[in-house]
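Q: Before I ask anything, here is the structure I am working with.
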């Protein structure tokens, strides 16, 4: 029991050791910039020493078991030889019988040693196997109904009806009675301070969670009545940080549409203003881009993400701060590609930089998990409410008085 507990501790420390190494290597620029190399090396060394300290007692125990197993095998052979010699001297057994018996005994001992080795190996792997099967047995937080329907070619009408949500481990609601309708092909901007509930609302649209109360529909169908695969296949997301695989440019683009042809890939990249920089790469579309696309600039990664979304061709699009981390020149190129991507799609724009939502058909102002204002850009400015305050804060100057249209 003690060795089992100790081995579990070793497995946990091994995970910490691997995580520490990955953290340091992934954030190598931070480590170098803040002269953290020695500190990170000490941290790695401390965890490695803990692994050794906890592993030694387990290894010592199994070394003792192994020695005892081998000693027992040796004693068994010696015993057979001694008894066989005595029997032969008294005429009770022939040399052939003794040799045959020893052969059978050694064969049996070999099988027993193999079994002991297997048990030892299983013991060391048991904690990892338990973790593996525990993950397999985990139930989804958004279970799919057995009679869920497939969502076919939706127009893209999205409706939130009195949606409230709180995380299971949190007492305070993140969203409270949120209601709005996004018509097909319209651009809806979600603005507000960090933590206001914008990203949570879009997570609910992708059904990463289910609402605590209320419902969300696409073309009148409750998301809980739709299969997860068919729902998510009709939603495209362009994140603030482009999430790319350590694969070729082509492989990353094919994530959007595995069956896409070379011509379709090139067309999507041209629309995303990505084709020109791709063909300048050493192997063009077959160039490896490194972990998280580190060999590309931020603007290049973002344009690849847009091309990937174009290949997916979803009727519903979510732009999650898609240009907030870019400089002005790069943002202009990416914004041009985004406008092409948004054409004809129901688009949700999560934005902190309010200048990026000027052309939205409707703006939803979130505060404390609720929609406190909604309307177009000029109407909200003319109202002189919360949105106007946000704009004034960003511009650091009073918002000019606007006369609302009759």
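The numbers here are math on the coordinates, done by the rules we state, and not lab data. This one's a predicted model, so the numbers in the text were calculated from it and none came from an experiment. Positions of Cβ are generated from backbone atoms using ideal geometry, with glycine treated the same way; all protein chains shown enter the neighbour counts.
Q: Go ahead and estimate [θ] at 222 nm for the chain from helices alone: -39,500 (n - 2.57) per DSSP H run with n ≥ 4, summed, over the residue count, rounded to 500.
A: Taking each H run of at least 4 residues, the total per residue is -17000 deg cm²/dmol.
Q: What does the extension gain come out to for residue 161 and residue 254, with contour length at 0.36 nm per residue minus their alpha carbon separation?
A: 29.9 nm
Q: Next question. Classify region 158-395 as rounded, prolate or oblate, taking a ≥ b ≥ c as the square roots of the eigenvalues of its Cα gyration tensor: rounded when a/c is under 1.5, otherwise prolate if a/b is larger than b/c and oblate if not.
A: Note, shape of region 158-395 comes out prolate.
Q: If you don't mind, there's one more thing I want to ask. Would you work out the relative contact order for region 2-137, in percent, from Cα pairs under 8 angstrom that are 6 or more residues apart?
A: Across region 2-137, relative contact order equals 31 percent.
Q: To continue, here is another question. Where a ≥ b ≥ c are the square roots of the eigenvalues of the C-alpha gyration tensor, would you call region 1-156 rounded, which needs a/c under 1.5, or, failing that, prolate if a/b is larger than b/c, or oblate?
A: Cα axes put region 1-156 in the oblate bin.
Q: DSSP beta bridges in the chain, what fraction antiparallel, as a percent rounded to 5?
A: 50
Q: Further question: Could you work out how far helix 262-271 tilts from the main Cα principal axis of the chain, as a 0 to 90 degree angle to the nearest 10?
A: 40
Q: Quick one: order 194, 79 by neighbouring beta-carbon count within 10 Å, fewest to most.
A: Final ranking by Cβ density, sparse to dense: 194, 79.
Q: Follow-up question, since we're still on this one. Mind checking the full-extension length gain between residue 295 and residue 130? Use 0.36 nm per residue of separation minus the Cα-Cα distance, one decimal, nm.
A: Roughly 55.6 nm would be gained on extension.
Q: Which distance in nm do the two modelled labels at residue 145 and residue 233 give, with both placed 7 Å along the Cα-to-Cβ direction?
A: 1.9
Q: Efficiency by 1/(1 + (r/R0)^6): what FRET value for residue 245 and residue 372, r their Cβ-Cβ distance, R0 = 51 Å, to the nearest 0.05?
A: Plugging the Cβ-Cβ distance into 1/(1 + (r/R0)^6) gives 0.80.
Q: Turning to a different aspect of this structure: Round to the nearest 10 and give me the degree value, 0 to 90, for the angle of helix 95-137's Cα axis relative to the longest principal axis of the chain.
A: For helix 95-137, the angle is close to 20 degrees.
Q: Follow-up. Classify the chain as rounded, prolate or oblate, taking a ≥ b ≥ c as the square roots of the eigenvalues of its Cα gyration tensor: rounded when a/c is under 1.5, otherwise prolate if a/b is larger than b/c and oblate if not.
A: Because a/c hits 1.5 or more and a/b exceeds b/c, the chain counts as prolate.
Q: What does the extension gain come out to for residue 100 and residue 9, with contour length at 0.36 nm per residue minus their alpha carbon separation?
A: Contour length minus Cα-Cα distance gives 28.0 nm.
Q: Sticking with this one: May I ask you to order 90-99, 229-238 by the average number of other C-beta atoms within 10 Å around their residues, highest value first?
A: Highest to lowest by the protection proxy: 229-238, 90-99.
Q: Quick check: the angle from helix 386-395's long axis to the longest principal axis of the chain, C-alpha only, nearest 10 degrees?
A: Computed tilt is about 80 degrees.
Q: Sort 252-263, 334-345 by the packing proxy (mean of other Cβ within 10 Å over each peptide's residues), most packed first.
A: 334-345, 252-263
Q: Could you please rank 122, 311, placing first whichever residue has the fewest other Cβ atoms within 10 Å of its Cβ?
A: Starting with the residue having the fewest Cβ neighbours, the order is 122, 311.
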